[in-house]
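**Q** Take this structure first; my questions come after.
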Amino acid sequence: MSASPPRPHRAPARLALRLAHLPRRWLGAWRRWSLWGLLGALVAGVLVTLVWLAGRYEASQVQDKLERDAADVVVDLRNALGRNLQEMRGLPTGAGELLAWEGRAGELLSRRREILRLQRLDVHLKPLAQVTTPWQAMPQEMQDRSQAHSEIALACSNAQRIMGASYSSTYFQPLPGSGGSEMMEVCLPVSEAGRVRGFLVATYSLQKLLTEIVAPLLAHTQEVSFTETDGTRLALLAAQRRGSRMFTAQPLFDLPGNPLVLRLDGWHAAPSVFPNVLTALVTAMSIALVSVVVVLVRDTRRRLRAERDLAEALSFAKAMEDSLVTGLRARDLHGRVTYVNRAFCAMVGYGASEIVGLVAPLPYWPPELAQHYTERQARRMAARASPPGEGYESVFMRKDGTRFPVVVYEAPLINAQGLQTGWMGSILDVSEQRRAEELSRTTHERLQATARLATVGEMASLLSHELNQPLAAIASYASGSLNLLQPAPGADAPAPQDLADVRGAVQRIAHQAERAGRVIKSVHDFVRRRAHAREAVPAQDLLDAVLPIVRLQARKLGVQVELDVAPGLPEALCDRTMVEQVLLNLTRNAMQAMDEPPPHAPPVLELRVRRGAGDATQRWLEFSVADNGCGIAEDVAARLFMPFFTTRAEGMGLGLSLCRTVVEQHGGHLACNARAGRGTLFVFTLPAAPAQPTV
């Protein structure tokens, strides 16, 4: 027979049985040892943390000392370069002192080994004298670096601009016997009476700067270097490596015209924190012993504080609920009311004791809707896994029997274990909101009716005003035609020439009738605020359309009409019919203003069209209508464009208001100005049509 397979589920059961039969003292010992083990882990964690913090502190001290040393090096470098500039300023600068200058410059180079060369240049950067250091052989190609666009030229240009020393950017220069070095030049302007007469140029070796100035200040474990802002090393003064960690400080060594970075690296051994471990251990053990008592005290205080905070939170929640105007109602999973707030009781007129503990049907449900509400509540309780996200409207009944609309929002009640125990609902009384909405709707309907009546009145007023010109022209042409159809005395029929004039008059009558129809359509669209059809129309065509009526009225009044249209004008982009009405209104007003002709001059009506001010994106045409009548008073001019304002007994006061509205709808501007001497000038602008591209 084969061996039966082992049953793995028996081992955990046997272990649990053995643990159950262990003596209670063993279980108590295990608990105590677990607490001691926890305390040991705490002490070990504290010790490790102390060691780590001690190491961090020692490292921060080393870094701070290195940064202070780097700042001191930068200060010493600035002082050394400043002393060199002072000695360069003390050199002779006269035109006849070149030999004295070379002698003094040689003495300066013998003292300052970091300076490899001194040059004296004129204002055009041509060398006048030059001295090189006796401590370093200089190559022949370094004899002249003062050409345009070189480091010296740029540095001297900047020095002349700031009237002070300026340093050039660094460059590499091969040197005999040493391979080469990064060079930097400083240019010092020589001025006389406020004008630059020349320059003094000193050439520095960055390596010599580190060797002669910085090296005496460094420790044996520090190395220093000049770097560019991008990290490229230019010169290095290395040190012997002593230690396992390197610390770096990089202060900015900003010179006028040449920003450099001084990098100072220091080697340091591992932090010596282990001699302090014994002190840290004793301190940690003391803290651990005191912590046991502190923990117990803090736990007791925390419990008391939690109970006090809980009581305050309950009081605060109660006060907040009592101050709400929104009704709150809580129900369990069976639909039983478990809580209502004061606002809900005031809303339905029942006390909390009359509602809490009840199930459907509830007393604040209308009897005719109770069955429907019971079914709806059953459906919502059954769907508790997916609670509704929006509120629903309902109708509640007060204790006195009055109904009122409400909006109910419900959310699931979740206990501390994450289980749903019921529903919390907020109820809003929307009866006032419904009344406000009904009042707003009624008011809106009344306003619409009033607006329609105002639109009808406005249309009627505009039609009656704007149809005066075409109807007056039709009447004039009809009267003239009747006169022409009368045969001459002794003749049986009118003359052929009179018949031809009658035919032309009838054509003009038809044209004016068609114009009246367009006026009616344009005024209708204007009142309804519809988009107007605009087209490109030459300015001369706009004037030609209204000139027959203008000249007809001008002959009756004895007014002379002068027309002036500038050549080469672009076409106007406008609603032709409405712009013609603007021209007719302005010309008619101008001729009526000349009822009393000026002394020693006939009444003249001037119509001009010019190119208006504009830019590359928009061009304008400027139309002007001028008269030499009596003019307009200042108090009248202030109200001239107001609707229904007129100074004539037979006027309606809509002409100029309509003209301004039409011009502004085209994007233009209508203005009225007094003419010098006598008369009035009306000027309005219209947009010009875009220029057509040439093929």
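**Q** Testing Gln618 on (1) in a helix (DSSP H, G or I); (2) assigned by TED's automatic domain parsing to the domain that holds Val663; (3) modelled with pLDDT under 85; (4) under 19 Å from Gly668 (Cα atoms), one condition comes back false. Which one is that?
**A** Of (1) in a helix (DSSP H, G or I); (2) assigned by TED's automatic domain parsing to the domain that holds Val663; (3) modelled with pLDDT under 85; (4) under 19 Å from Gly668 (Cα atoms), only one is false for Gln618: (1).
**Q** Give me the residue from the range 326-336 that is in a loop (DSSP other than H, G, I, E, B) and not basic (Lys, Arg) and, out of that set, modelled with the lowest pLDDT.
**A** The selected residue is Thr326.
**Q** In the range 151-182, how many residues are more than 17 Å from Phe226 (Cβ to Cβ), small (Gly, Ala, Ser), part of a loop (DSSP other than H, G, I, E, B) and at pLDDT 75 or above?
**A** Final tally of qualifying residues: 2.
**Q** List the pairs whose first member sits in the range 316-333 and is closer than 26 Å to Glu432 by Cβ, whose second member is modelled with pLDDT of 70 or more and assigned to a loop (DSSP other than H, G, I, E, B), and whose Cβ atoms are under 6 Å apart, counting only residues at least 6 apart or on separate chains?
**A** Cβ pairs passing all conditions: Glu321/Asn341; Leu328/Asn341.
**Q** Run Pro598 past the list (1) within 22 Å of Gln665 (Cα to Cα); (2) surrounded by 15 or more Cβ atoms within 10 Å (Cβ to Cβ); (3) of a type outside the set (A, V, I, L, M, F, W, C); (4) modelled with pLDDT under 90 and report the number of the one that doesn't hold.
**A** Single failed check for Pro598: (1).
**Q** Filter the range 334-343 down to the residues that are among the hydroxyl-bearing types (Ser, Thr, Tyr) and either free of Cβ contacts under 8 Å to residues at least 60 places away in the same chain or over 16 Å from Leu362 (Cβ atoms) (or both) and list them by number.
**A** Once the filter is applied, which keeps residues that are among the hydroxyl-bearing types (Ser, Thr, Tyr) and either free of Cβ contacts under 8 Å to residues at least 60 places away in the same chain or over 16 Å from Leu362 (Cβ atoms) (or both), the range 334-343 yields only Tyr339.
So that you can scan it fast, the table gives a plain yes or no per residue for (1) of a type in the set (S, T, N, Q); (2) at pLDDT 80 or above; (3) over 19 Å from Thr685 (Cβ atoms); (4) part of a loop (DSSP other than H, G, I, E, B):
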position	(1), (2), (3), (4)
Gln507	yes, no, yes, no
Arg515	no, no, yes, no
Leu542	no, yes, no, no
Val546	no, yes, no, no
Asn585	yes, yes, no, no
Ala590	no, yes, no, no
Val609	no, yes, no, no
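Let's see how each residue does on (1) more than 20 Å from Asn158 (Cβ to Cβ); (2) buried (at least 19 other Cβ atoms within 10 Å of the Cβ); (3) of a type in the set (Asp, Glu):
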| site | (1), (2), (3) |
| --- | --- |
| Leu91 | yes, yes, no |
| Leu98 | yes, no, no |
| Arg112 | yes, yes, no |
| Leu116 | yes, yes, no |
| Leu125 | no, yes, no |
| Ala129 | yes, no, no |
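**Q** List, please: which pairs have Cβ atoms under 9 Å, are six or more places apart or on different chains, and start with a residue in the range 401-419 that is in the same structural domain as Met381 (by TED's automatic domain parsing) and assigned to a strand (DSSP E or B) and end with one that is surrounded by 12 or more Cβ atoms within 10 Å (Cβ to Cβ) and of a type in the set (Asp, Glu)?
**A** Phe404/Asp429; Pro405/Asp429; Val406/Asp429; Val407/Asp429; Leu413/Asp332
**Q** Could you list, in sequence order, the residues of the range 337-381 that are among the aliphatic types (A, V, I, L, M) and outside any loop (DSSP other than H, G, I, E, B)?
**A** Across the range 337-381, the qualifying residues are Val337, Val340, Ala343, Ala346, Met347, Val348, Ala352, Ile355, Leu369, Ala370, Ala378, Met381.
**Q** Just one of Val579, Val559 is more than 52 Å from the chain's Cα centre (by Cα) and either modelled with pLDDT of 90 or more or not acidic (Asp, Glu) (or both); which is it?
**A** After applying the criteria, what remains is Val559.
**Q** Suppose we keep only residues that are within 43 Å of the chain's Cα centre (by Cα) and among the aromatic types (Phe, Trp, Tyr) within the range 621-655. Which one would you say is modelled with the highest pLDDT?
**A** Ranking the candidates gives Phe623 first.
**Q** Looking at the structure I just gave you, is Arg384 in the same structural domain as Val337 (by TED's automatic domain parsing), in a helix (DSSP H, G or I), surrounded by fewer than 16 Cβ atoms within 10 Å (Cβ to Cβ) and modelled with pLDDT under 80?
**A** No.
**Q** How many residues are under 21 Å from Leu656 (Cα atoms) and surrounded by fewer than 14 Cβ atoms within 10 Å (Cβ to Cβ) if we restrict to the range 552-589?
**A** 0
The values are calculated or read from the model by the stated rules, or taken from the named source; none is laboratory data. Quantities reported herein were computed from a predicted structural model and do not represent experimental measurements. Please note: Cβ atoms are built from the backbone with ideal geometry, for glycine as well, and neighbour counts cover all protein chains shown.
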